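Working notes, structure below.
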Amino acid sequence: MSSQPPLRLVVKVGTSTLTNANGGVDRGFLSDLTRQLAIEQRKGNEVILVSSGAIRAGRDLLCTTASTPLTLPDTLPYKQAAAAIGQGQLMHAYTEAFAWRDVNCAQILLTRDDLSDRRRFLNARNTLLALLSLGAIPVINENDTVAVDEIKFGDNDNLAALVATLVSADLLLILSDVGGLYPVKPEQGEPEPPIIPIVEKVDAHIMALAGGAQSHPHRYRARATRKCNP
Ligand code: GLU
């Protein structure tokens, strides 16, 4: 019988993993993810989830409910508006899925300022630790409706790394549709090069291999019944 000490885990899930081809929340994936997180919690581990998907889910809802063709500009205010709509959808889906496992979840929305100001950093930490002590799973996203470019985390991979530091996590898991760190950028249609299995030291060479935020575009393609501009 293993008697591993409990771990504090931060798990990050990205938009393209969490949403289906139309951009709506992938309920099957969510059910599987929440089941696995509930199992980890039952084993005695503490779990914090960092979840993207709000903007995509909001756009999807707007597009599928529009009675006439809708133009959604690719500008910050419209992304923020979509996030405001989608975040509720996302939390509704998480609350339902976790309820099946008898687990409470809690929404936390953060901006970079919350972590760069010492007092706010400690407040956020205390709240997260209190939630963990209550057996709830915090579901964290960036507070997109107020975060403009200058104060954004960059992306939720960065947010997840900062959250892992905030709560002194033992492990940060990033669930992604990208295979791993490649020695060269995989070309479309070409076989994927073998990934680098372990990075012992983050130096200039490794930094140069890490690109910006990008997911597989095929996840976003199907739009048959939608009433939005592409
Ligand atoms: N906060 C964004 C969203 O919920 C995602 C940002 C990211 O994944 O980089 O849509």
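Screening segment 1-16 for residues that are over 23 Å from residue 29 (Cα atoms) and modelled with pLDDT of 90 or more and picking the one that is nearest to the chain's Cα centre (by Cα) gives 7. Taking segment 47-162 and the helices (runs of 4 or more DSSP H) fully enclosed by it, the elements with 3 or more residues that are within 15 Å of the ligand (Cβ to nearest atom) and either touching a residue at least 60 places away in the same chain (Cβ under 8 Å) or surrounded by fewer than 15 Cβ atoms within 10 Å (Cβ to Cβ) (or both) are at 54-65, 76-99. Consider segment 37-46 and keep the residues that are surrounded by 14 or more Cβ atoms within 10 Å (Cβ to Cβ) and not in a loop (DSSP other than H, G, I, E, B). The one that is nearest to the ligand (Cβ to nearest atom) is 37. If you go through segment 175-207 and keep only what is among the small types (Gly, Ala, Ser) and out of contact with any helix residue (DSSP H, G or I) (no Cβ under 8 Å at 6 or more places or on another chain), you end up with 179, 180, 189, 204.
Checked against (1) out of contact with any strand residue (DSSP E or B) (no Cβ under 8 Å at 6 or more places or on another chain); (2) among the acidic types (Asp, Glu); (3) touching a residue at least 24 places away in the same chain (Cβ under 8 Å), residue 32 meets all criteria but (3). With respect to the stated conditions, residue 31 fails to be surrounded by fewer than 21 Cβ atoms within 10 Å (Cβ to Cβ), in a loop (DSSP other than H, G, I, E, B) and more than 14 Å from the ligand (Cβ to nearest atom).
The values are calculated or read from the model by the stated rules, or taken from the named source; none is laboratory data. Please read these numbers as outputs of a predicted model, since none were measured by experiment. Cβ atoms come from the backbone with ideal geometry, glycine included; neighbour counts cover every protein chain shown.
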